[in-house]
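Worksheet: one structure, shown below.
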Amino acid sequence: MKKSIEIPILFGSAGLAAVGAVTGCNSQKDNGKRMNIVYIMCDDHSFQTISAYGHALSQLAPTPNIDRLAAQGIRFDRAYVENSLSTPSRACLMTGLYSHQNGQTMLSNVMDSTVTFVPQLMQAAGYQTAVIGKWHMLCEPKGFDTFRVLRDQGEYYNPVFKTPESKGQYIREEGYTTDLITDHAIEFLENRDKDKPFLLYVHHKAPHRSWMPDFKYLDLYEDVEFPLPETFYDDYATRGAAMQEQRMRIEQDMSMLYDLKLYGYEGSTHEYDGPRMLEYALGSMTDEERERWYAAYARNNASFFANQDKMTEEDILKWKYQRYIKDYVRVIKSVDDSVGEILDYLEANGLMDNTMIVYTSDQGFYMGEHGWFDKRFMYEESFRTPLIVYYPGGKGGKTSQTLVQNLDFGPTFLDIAGAPQPENMYGVSMLPVLKKDGATPRKWRETLYYHFYDHTPEHNVLRHDGIFDSRYKLIHFYDETGAIPSYEEFFDLQADPNELNNVIDDPKYKKLVDKFSRQLTETRAKIGVTEY
């Protein structure tokens, strides 16, 4: 860990008093015994690459510190997002609202500035709040006593951060971003007001595209051959236009230069393979760092160029997959180190007995399933997200099949703080689940609603919404331009966990399809969805 830099803590604001009045909470009152919360979130971390989940990939690239958290807490196997895209997912976390409620339906639009953030309500309830790392929303952080956030997506090396003290300016720091975020999170813990409970958001940039590892891990897993997923060669035969028209294939949509670091490759027409994207990826490095970077990839790249003329299209596709996966899990190695440092600090300072720890991602990610990378779809690998929660006093090492969603974080934090949940939040506090070591309480929700809006040329994923009950999934695809007729897909995940067989027209599923169609219509009406 680098030398500690003190982060000044800012207390109080006129807005905080107003929020306290609305919620009926006394922002000055604090009994000093309420539970602390550390919320750790990555960008695009797949459950497939956390070894506590048992996936074949993760067994070759284990995550011992995240597993350590799972051994003390609860691993959720049915955790999902309401919109599988980074900025909308973050807006959902911060507001406890669906995308259509908070206005952040896509990456590029701006959230409704009048919406109250969960951290504001936590401040009003007497909590000290901080966010460290990736913000990635087109609005200023609010509800935080302090923050240190990256610019836009952030850089992997020598990033720039903005703080309350920097007065809108981003200040460059030297180091690997995952390490810097970890250090600053621990600095907050060191310098916080010890008389207040705290809510700390630790938001990693990693492992977001283009998966750039720390120098010390550039050769990690170089001799490992990672297995292809079962659905790697999916032909999308029973699925509709959305699957057919997407631009998320490793084979043809992954950049040889920007994504796969095959420097010197000629003949590519990919839009990411130009000088601008290379500068974007490597521009924050020093000259010496850039030389080290090129040297590390040159060894493997030279082998590719030497054998390229003998390689079939399938050989090249498999090479792309191996390069992609290896860089991705190398980046995860640093994230796992970070989790270990934070756990070590909490244990060494006697905070484990009164601190809930959450580890999750802003959505899932494709590790070659269906031949893909990226996210966006309501199919499992994208819709489902890793979630591990340590709750003091729990038995540990438990798994939960309870159906939870990222809408539930806000209500859970407010429940812990003893603050009321606003009426417009449709999420549910997970405290009853945590107190039962993951068991599903009576009268728990039976379905989840999902909605994706960001139909852009880059990945070309059609807009869609749907409903899911842990086994059956109905997805409604639609094109806002009207060029493609709307259609639906229906899956039975018990019979078809890889979602290869769309049974929307199978007579034996007709009653279930009709039931889910009614539920989807009723859910839209209940929560006020008007676009579909």
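The values are calculated or read from the model by the stated rules, or taken from the named source; none is laboratory data. Small disclaimer: the values here were computed from a predicted structure and weren't measured. Cβ sites come from the backbone with ideal geometry, for glycine too, and all protein chains shown count toward neighbours. The area values use the complete protein model at the heavy-atom level, side chains included, leaving out ligands, DNA and RNA. Shrake-Rupley method; radii C 1.70, N 1.55, O 1.52, S 1.80 Å.
Structural remarks
- Residue match in segment 11-20 (condition: of a type in the set (Phe, Trp, Tyr), more than 21 Å from the chain's Cα centre (by Cα), modelled with pLDDT of 95 or more and outside any helix (DSSP H, G or I)): no
- For Ile416, the conditions (1) more than 21 Å from the chain's Cα centre (by Cα); (2) surrounded by fewer than 17 Cβ atoms within 10 Å (Cβ to Cβ) are fulfilled apart from (2).
- Failed item, numbered, when Ala242 is tested on (1) under 26 Å from Lys320 (Cα atoms); (2) open to solvent by 20 Å² or more (accessible area, probe 1.4 Å); (3) not in a loop (DSSP other than H, G, I, E, B): (2)
- Being within 29 Å of the chain's Cα centre (by Cα) and surrounded by fewer than 15 Cβ atoms within 10 Å (Cβ to Cβ) holds for only one residue in Glu266, Glu291, Glu279, and it is Glu279.
- Number of the condition not met by Leu228 [criteria: (1) open to solvent by less than 50 Å² (accessible area, probe 1.4 Å); (2) within 30 Å of Arg463 (Cα to Cα); (3) of a type outside the set (Lys, Arg); (4) outside any helix (DSSP H, G or I)]: (1)
- Restricting attention to segment 457-470 and to residues that are touching a Leu at 6+ places or on another chain (Cβ under 8 Å) and either of a type outside the set (Phe, Trp, Tyr) or surrounded by fewer than 21 Cβ atoms within 10 Å (Cβ to Cβ) (or both), the residue that is farthest from Gln101 (Cα to Cα) turns out to be Ser470.
- Among helices (runs of 4 or more DSSP H) entirely within segment 70-170, having at least 3 residues that are in contact with a helix residue (DSSP H, G or I) (Cβ under 9 Å, 6 or more places away or on another chain) and surrounded by fewer than 24 Cβ atoms within 10 Å (Cβ to Cβ) singles out 99-102.
- Residues that are open to solvent by 60 Å² or more (accessible area, probe 1.4 Å) and out of contact with any Phe, Trp or Tyr (no Cβ under 8 Å at 6 or more places or on another chain), drawn from segment 432-447: Lys436, Thr440, Arg442, Lys443, Glu446
- Asn502, sole failed condition from (1) within 28 Å of Asp408 (Cα to Cα); (2) part of a loop (DSSP other than H, G, I, E, B); (3) out of contact with any helix residue (DSSP H, G or I) (no Cβ under 8 Å at 6 or more places or on another chain): (1)
- Taken together, the criteria place Glu531 among residues that are part of a loop (DSSP other than H, G, I, E, B), closer than 22 Å to Lys375 by Cβ and more than 23 Å from the chain's Cα centre (by Cα).
- Condition met for Leu343 (out of contact with any His (no Cβ under 8 Å at 6 or more places or on another chain), farther than 25 Å from Ala61 by Cβ, among the aliphatic types (A, V, I, L, M) and part of a helix (DSSP H, G or I)): no
- Count - residues of segment 121-139 that are in contact with a Phe, Trp or Tyr (Cβ under 9 Å, 6 or more places away or on another chain) and either more than 23 Å from Ser84 (Cβ to Cβ) or among the basic types (Lys, Arg) (or both): 8
- Some residue of segment 476-489 being touching a helix residue (DSSP H, G or I) at 6+ places or on another chain (Cβ under 7 Å) and within 15 Å of Tyr80 (Cβ to Cβ): no
- Scanning segment 471-514 for residues that are touching a Leu at 6+ places or on another chain (Cβ under 6 Å) and under 19 Å from Tyr366 (Cβ atoms) returns a single hit, Phe477.
- Restricting attention to segment 471-501, the residues that are within 22 Å of Asp235 (Cβ to Cβ), touching a Ser or Thr at 6+ places or on another chain (Cβ under 9 Å) and open to solvent by 10 Å² or more (accessible area, probe 1.4 Å) total 5.
- Residue in segment 189-205 that is buried (at least 20 other Cβ atoms within 10 Å of the Cβ) and β-branched (Val, Ile, Thr) present: yes
- Residues that are β-branched (Val, Ile, Thr), at negative phi and in a loop (DSSP other than H, G, I, E, B) do not occur anywhere in segment 505-521.
- Residue match in segment 49-62 (condition: among the small types (Gly, Ala, Ser), at pLDDT below 50 and in a loop (DSSP other than H, G, I, E, B)): no
- Any hit, segment 287-309, residues being assigned to a loop (DSSP other than H, G, I, E, B), out of contact with any Lys or Arg (no Cβ under 9 Å at 6 or more places or on another chain) and on the phi < 0 side of the Ramachandran plot: no
- Residue match in segment 352-364 (condition: touching an Asp or Glu at 6+ places or on another chain (Cβ under 7 Å), among the acidic types (Asp, Glu) and either closer than 20 Å to Gly393 by Cβ or open to solvent by less than 10 Å² (accessible area, probe 1.4 Å) (or both)): yes
- Boolean, Glu314 is under 28 Å from the mean Cα position of the chain (by Cα) and surrounded by fewer than 16 Cβ atoms within 10 Å (Cβ to Cβ): no
- Exclusive hit being closer than 29 Å to Met106 by Cβ, assigned to a strand (DSSP E or B) and without any contact (Cβ under 8 Å) to a residue 40 or more places away in the chain, set Phe477, Phe490: Phe490
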